[in-house]
Amino acid sequence: MAVIRTSNTSGYCLQMAAAAFSPADATAYFMGNNPATAPTAASGSQFRVYCPSSGTVRACYIFVNSVTTTGTNEQSTIALRLNNTTDTTVSSTLDNSVAGAVASNTALNISVVQGDYLEIKWTTPTWATNPTGVRISAAIFIS
């Protein structure tokens, strides 16, 4: 966790990362901060990243890197999931036809209290060509 100051607003940043995997069509994947484990399609709540203090999620940046094979340009949705109940869309236009796709939202306003947890939820499209060797990382700013 890093404490940062931007525009006279202090806060902290939660980092998330997952191991490379090859996503299937039309599947919801969940990830948190376990760089040695690939995202899972089983269910949320397995990769919790806890908020150490109360605040408001202001921004989220997610990097989806197709290391082995890029997919075709069908769009997918990537969201920030709070306490395995509430999804807030970061982007509904994620395109895996480039090696490094970025989804970001700097207009978030999600209240969190100490002990809440966050995860990333990625709902994949039905691709003509699926990406492979996909690595996901994220940074979430809370002030």
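The values are calculated or read from the model by the stated rules, or taken from the named source; none is laboratory data. What you see is a predicted model, and the numbers here were worked out from it, not measured in a lab. All Cβ positions, even for glycine, are placed from backbone atoms using ideal geometry, and neighbour counts span all protein chains on display.
Please note which strands (runs of 3 or more DSSP E) are completely contained in segment 103-143 and include at least 2 residues that are surrounded by 17 or more Cβ atoms within 10 Å (Cβ to Cβ) and in contact with a Pro (Cβ under 9 Å, 6 or more places away or on another chain).
Working: elements: 110-112, 117-123, 132-142.
Strands (runs of 3 or more DSSP E) meeting the threshold: 117-123, 132-142.
Please verify whether Ala59 is of a type in the set (Gly, Ala, Ser) and either crowded, with 18+ Cβ neighbours inside 10 Å or part of a strand (DSSP E or B) (or both), treating the condition exactly as stated. For Ala59, the condition - of a type in the set (Gly, Ala, Ser) and either crowded, with 18+ Cβ neighbours inside 10 Å or part of a strand (DSSP E or B) (or both) - is met.
Per the conditions (1) closer than 20 Å to Ser111 by Cα; (2) without any contact (Cβ under 8 Å) to a residue 40 or more places away in the chain, the sole criterion not satisfied by Thr37 is (1).
Does Phe30 qualify as being in a loop (DSSP other than H, G, I, E, B), in contact (Cβ under 8 Å) with a residue 12 or more places away in the chain, closer than 13 Å to Trp122 by Cβ and among the aromatic types (Phe, Trp, Tyr)?
Working: in a loop (DSSP other than H, G, I, E, B): no; in contact (Cβ under 8 Å) with a residue 12 or more places away in the chain: yes; closer than 13 Å to Trp122 by Cβ: yes; among the aromatic types (Phe, Trp, Tyr): yes.
No.
Suppose we filter Pro23, Pro52 for residues that are in a loop (DSSP other than H, G, I, E, B), crowded, with 17+ Cβ neighbours inside 10 Å and modelled with pLDDT of 95 or more; which single one remains?
Details: Pro52 fails: crowded, with 17+ Cβ neighbours inside 10 Å.
None of the others qualify; the one that does is Pro23.
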